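The values are calculated or read from the model by the stated rules, or taken from the named source; none is laboratory data. Quick caveat, the model's predicted, so the values are computed rather than measured. Neighbour counts run over all protein chains shown; Cβ positions are idealised from the backbone, glycine included.
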């Protein structure tokens, strides 16, 4: 069964190839079937292989398809490596991917470039699977760049609007900055180990580098650079909100569920190197904590439904980074999975709303959709509850609670990280329910054209169910001893040691987290649903609040900062040098020669006696020189 | 003999095409196509029959030598190894594309055009094949003059200026190389008493350090200008943008590669000490080239000029890799030569297709073409991605290998070179954005690629993908040559003279090898 | 036979040559220029003769004969040119024939 | 003999000065003949009688006569003499003359400064010259023959006066 491994990425690639070559001439139904079907079959194969994996419990399956190239002992293969970590990712990618593909068939039904959309989506799924299944870092890099390309293509899907193209380019270039760091990390790894095979590196690294060695820290930071770029973390987070220019299913698949978590995957995959570099671990945790706060605050102020979700995605990935940074590997991955469910759900719901309102994304133009779109409302509510981590019933609670707990009690955790995460959870609850209240309650402002069809609703319901039950496979220690997920990952990812002194009081912190979430929801209710009291109004209208809101709204000014620091100087430099300053040196040389020619041609007077004179003067000169001692 | 036939076919074909041009305008095209195709077939045949030569010793697949001017030690000496073979394949492949793309574009002096085209190809093949330095210089000039005509007669509006500039830059640097060749000839003659232009004998010459540096400078002048490396690059944008499409393809795809080939074949093995001393500067030039070319490319509005500056940027990787002196980097360089030939050639072809339809190269007048020409868009996307080094396409392998190799030689320069990838992203995506994406208003609807144009573009796509996913055949072919060029660097102390003598007697094919079995004392 | 110092002969040749040169430089009439050239050639010939006598070798005289031949040929062609020039430009002014002006 | 040399030299120099300063072309030519004759005498004193004869025959005879013929053909008048006078102003000749004198000074310095031993000059007779001419210098003689041939042909071609036919070198001047 594991011999079918190669089919998992190959099928979406094949689908993409067929769609690129013949898509324009195919009927729409066939395009949709081909697009969704190839991913669906991949998902089925994943289930089969996953089932076998779970029952046989090997450490990993490896399948080499062919040797990519072989130079001077550098022999990366096109080879796939499936272990528990990959399995989780592959499962999410294929399964959520399949649901989103199905949903897209409905969502994109009116689009002209139907085939192009599905071709890119399939290409994306293929690349993403390549990324998570890669057996060596170079192949991982292939997938890594491949998803970047698809992200570019899909963000700029509606290419006629130059702003979309700009957003797409921004996404590609900023992630590419991170990729460059990662590439340099690969150079160092290759130089040190003579291979890029992940397992080989991971097994040799502890022997080569002592804990905290300079090289290990350097490599870890470089890899972190790549991860930060891809996952939209500080300081390379600015592309992700703009990436919402793409169609909503794209945002759901690429910019929420899968691609942006590639950074999480990379760090988890190379966990050994990060364990060797405590400084890098700390950096991961701090980046995660700061990002989740900054992005959360920004999400509070946005009005574009998709932008709120985008900032929320950044914030949630911040949680994952925090988890990885404190060494709670499996908690990070668990949150990734749950996040993929509920964030995809939220995006798809948002898509359903947007399409029902004729591509209206501004929340201020929505309202009262509870009655018009009941299915969407309920599924959205489930997703929102999961995002806000409402206690006990939602999957989000279980995954986020783990992170909060390890941020405090894990051996690398400390109270500051915990506080950041806790505040983040509070903010999350506020902005999530702000969204719910503004969108679904109040009075209707835009006419709803038609409710979503079955093709769109079914994926919503499936994802909604997953957003609730997904959390029950891994319960907190004090609830019950059910740790299916971390048991699965245990061979790949090291466990985490818990500080025993505070281990006893776990239930207290759970209560605190739950309380914070509920208070957040209540605050949102006060400000955005109920009529505001004068006091609340005065807070909301105060000049300080306005200034903060403006600052947060602009994403903490990062865009502007980068614009002045990097973009403008580069463009300025490029433009002043458009005609190539070096060329002017040569042109100057030519001009000099021409002017000399002009001067010398003056001596060609045509008067013979002048020439004779020249001869005489020359003769005198030569004679004089020869006579001089 | 088959090597000589390649040159004869091309040259005779050229003359024939010229004559045929007086009768008919289609005949020269067919003659040129058939001649180039015949050469391609021969080379492919050689490649398939290659396996015997991939082992470490039998590096040279075949040789052809006949005296030309024996008094001065000049012979008509051709030899083929993996590197030459790959370059020849590229030459004839791009040659065919160049002829195909001129099918509609060129309608004046058709016969003379194809004469020039074939003679340029002949000159380039000669450069890749010849193992006699005098003959090398001869072919170096042969490829120059027809190219001058190609630009000067069939070029765009500013063609005379561009043609002059091209000619002066390359000719002046070529003369410096001639001086060095003569210097080498005499230095070798003085020290051994054998006056010869034979590469295999000259390659063993040892010099005083200053002499070596001076002679190398002459060779470098020619190769760096041709490559081009940054302070000497200024002929390239003009020549590339003014040349007809076929000319641009050949310039970017092949002519630049002769510079890289020269570095690999002559500079590296002949002047190991001087090259090592020069290496940090050369790598610095490479890095400057990468970044400078990228910044310039970003600001251009003339499509062909833009692509030309991307060539400057990409060729920076070549010199970076060449002077890293390790197998990874050199393999990367060879890959870069091939994949850059394909990808940049393809971009020029696309520029040609667009010029055909719009009669402008100004990207400010383009935009939103994806709607009307999706096929062209997809193909352009592939090559734009190749140009920014997307994994899965050939250029990635090239750049990655080069960078991995150069990392071992110099960390900081490699870091800056890697930053070039970001800049590459910026300018590459700009091509896509300005031409195919964006608003369609006030732009005419275009006709999508015709069958002929698809025949040109699709093989390029297939090849670049193939090179990206399974480059091993190419790497295998080049491996023996690469190790040979690097012999002076990898094992400086071995190769005892006595051992070399033994080997000399063993067989003729081994003779060549042992000529380089000299000792270089590491400093 | 004689005791004429060589310096004297060479000096005479030099003076004659210089006079011819001055004439070429100052005259605008093209016939005068031709005549002056003849003077200069003659002076050169004189120098050869002096040298021939000095070393008692015939080579100098042979050279004089060659110079003579050349002078004859030159004069014939030069005069033909003058005729043509006069015919075309109706003047003997050498400055009138200045079409080589750069 | 020495005295003859010096007197002849003086005559040659004076006659030449007269040639270059005279405004009338015919007068100048007559002085030129005098100068050539004086040089012929110098040749004689230097022991080259055959050369002296050649000087008289070819220079003083043939060449000067040729020039006189041409002057006759050009039909020069008194106006030309006047024009010559206007062309030859001190302003025009002083500079070149001084320059040439500098050259002469340097030549003289070269000639005199070399401390050459004076030995008796030996005459070289015509026989020796003839032997040398048709011995080692045979090639030169051949070349001279060709040169004369070329001179004749060239003179004939250039001297032909064709109506309306403008020589191609001068053709462009008409435009």
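Checking residue B:176 against (1) in contact with a helix residue (DSSP H, G or I) (Cβ under 7 Å, 6 or more places away or on another chain); (2) over 30 Å from residue B:111 (Cβ atoms); (3) free of Cβ contacts under 8 Å to residues at least 24 places away in the same chain, only one condition comes out false. Which one? So residue B:176 meets the others, but not (3). Checking each residue of the stretch A:622-629 against the condition of being without any contact (Cβ under 8 Å) to a residue 40 or more places away in the chain, surrounded by 11 or more Cβ atoms within 10 Å (Cβ to Cβ), out of contact with any strand residue (DSSP E or B) (no Cβ under 7 Å at 6 or more places or on another chain) and within 14 Å of chain C (Cβ to nearest Cβ) gives at least one match.
Restricting the search to helices (runs of 4 or more DSSP H) fully inside the stretch B:208-257 and requiring at least 2 residues that are within 14 Å of chain A (Cβ to nearest Cβ) and closer than 21 Å to residue A:580 by Cβ gives B:209-226, B:235-242.
Exactly one residue out of A:470, A:442, A:424 is closer than 29 Å to residue A:308 by Cβ and assigned to a loop (DSSP other than H, G, I, E, B): that is A:442. Within 14 Å of chain B (Cβ to nearest Cβ) and touching a helix residue (DSSP H, G or I) at 6+ places or on another chain (Cβ under 6 Å): does that describe residue A:40? For residue A:40, the condition - within 14 Å of chain B (Cβ to nearest Cβ) and touching a helix residue (DSSP H, G or I) at 6+ places or on another chain (Cβ under 6 Å) - is not met. Given the criteria buried (at least 20 other Cβ atoms within 10 Å of the Cβ), farther than 27 Å from residue B:393 by Cβ and away from chain B (no Cβ under 14 Å), does residue A:56 qualify? Criteria not met by residue A:56.
If you go through the stretch A:214-238 and keep only what is surrounded by 21 or more Cβ atoms within 10 Å (Cβ to Cβ) and not in a helix (DSSP H, G or I), you end up with A:232, A:233, A:234, A:236, A:237, A:238.
Taken as a whole, the condition of being at pLDDT 80 or above, assigned to a helix (DSSP H, G or I) and either touching a helix residue (DSSP H, G or I) at 6+ places or on another chain (Cβ under 7 Å) or within 14 Å of chain C (Cβ to nearest Cβ) (or both) applies to residue A:582.
Across the stretch B:368-406, the number of residues qualifying as part of a loop (DSSP other than H, G, I, E, B) and out of contact with any helix residue (DSSP H, G or I) (no Cβ under 8 Å at 6 or more places or on another chain) comes to 4. Looking across the stretch A:68-99, not a single residue is touching a strand residue (DSSP E or B) at 6+ places or on another chain (Cβ under 7 Å), surrounded by fewer than 23 Cβ atoms within 10 Å (Cβ to Cβ) and away from chain B (no Cβ under 14 Å). Might you check whether a residue that is without any contact (Cβ under 8 Å) to a residue 40 or more places away in the chain and either closer than 30 Å to residue A:479 by Cβ or within 14 Å of chain C (Cβ to nearest Cβ) (or both) occurs anywhere in the stretch A:525-532? Checking the stretch A:525-532: not a single residue is without any contact (Cβ under 8 Å) to a residue 40 or more places away in the chain and either closer than 30 Å to residue A:479 by Cβ or within 14 Å of chain C (Cβ to nearest Cβ) (or both). Residue A:65 passes every criterion in (1) touching a helix residue (DSSP H, G or I) at 6+ places or on another chain (Cβ under 6 Å); (2) assigned to a helix (DSSP H, G or I); (3) within 14 Å of another protein chain (Cβ to nearest Cβ) apart from (2). Residue B:184 falls short of the stated requirement of being within 17 Å of the chain's Cα centre (by Cα), buried (at least 23 other Cβ atoms within 10 Å of the Cβ) and either in contact (Cβ under 8 Å) with a residue 12 or more places away in the chain or within 14 Å of another protein chain (Cβ to nearest Cβ) (or both).
Total residues in the stretch D:37-56 satisfying the condition of being surrounded by fewer than 15 Cβ atoms within 10 Å (Cβ to Cβ) and facing chain C (nearest Cβ under 8 Å): the figure is 0.
Yes/no per residue for (1) buried (at least 21 other Cβ atoms within 10 Å of the Cβ); (2) more than 14 Å from chain A (Cβ to nearest Cβ):
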{"position": "C:63", "(1), (2)": "no, yes"}
{"position": "C:68", "(1), (2)": "yes, yes"}
{"position": "C:74", "(1), (2)": "no, yes"}
{"position": "C:83", "(1), (2)": "no, yes"}
{"position": "C:88", "(1), (2)": "no, yes"}
{"position": "C:93", "(1), (2)": "no, no"}
{"position": "C:98", "(1), (2)": "no, no"}
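Only one of the numbered conditions (1) under 27 Å from residue A:37 (Cβ atoms); (2) away from chain B (no Cβ under 13 Å); (3) in contact with a helix residue (DSSP H, G or I) (Cβ under 7 Å, 6 or more places away or on another chain) is not met by residue A:109, and that is (3). Within the stretch A:36-62, which residues are within 16 Å of residue A:8 (Cβ to Cβ) and part of a loop (DSSP other than H, G, I, E, B)? Passing the criteria: only A:60.
Before we move on, is residue C:51 at pLDDT below 90, under 30 Å from residue D:1 (Cα atoms), more than 7 Å from every other protein chain (Cβ to nearest Cβ) and surrounded by fewer than 21 Cβ atoms within 10 Å (Cβ to Cβ)?
Here the answer is yes, as residue C:51 does meet what is asked.
The residues of the stretch D:57-89 that are more than 10 Å from every other protein chain (Cβ to nearest Cβ), at pLDDT below 85 and part of a helix (DSSP H, G or I), listed by number, are D:78, D:79, D:81, D:82, D:85.
Screening the stretch C:9-43 for residues that are more than 18 Å from residue D:15 (Cβ to Cβ) and more than 7 Å from chain D (Cβ to nearest Cβ) and picking the one that is surrounded by the fewest Cβ atoms within 10 Å (Cβ to Cβ) gives C:30.
Applying the criterion of being in contact with a helix residue (DSSP H, G or I) (Cβ under 8 Å, 6 or more places away or on another chain) and surrounded by 15 or more Cβ atoms within 10 Å (Cβ to Cβ) to the residues of the stretch A:483-501, the residue that is modelled with the lowest pLDDT is A:498. Total residues in the stretch A:152-163 satisfying the condition of being more than 9 Å from chain B (Cβ to nearest Cβ), within 18 Å of residue A:123 (Cα to Cα) and part of a helix (DSSP H, G or I): the figure is 2.
Residues in the stretch A:164-213 that are within 14 Å of chain B (Cβ to nearest Cβ) and assigned to a helix (DSSP H, G or I): how many?
The number of residues fulfilling the criteria is 30.
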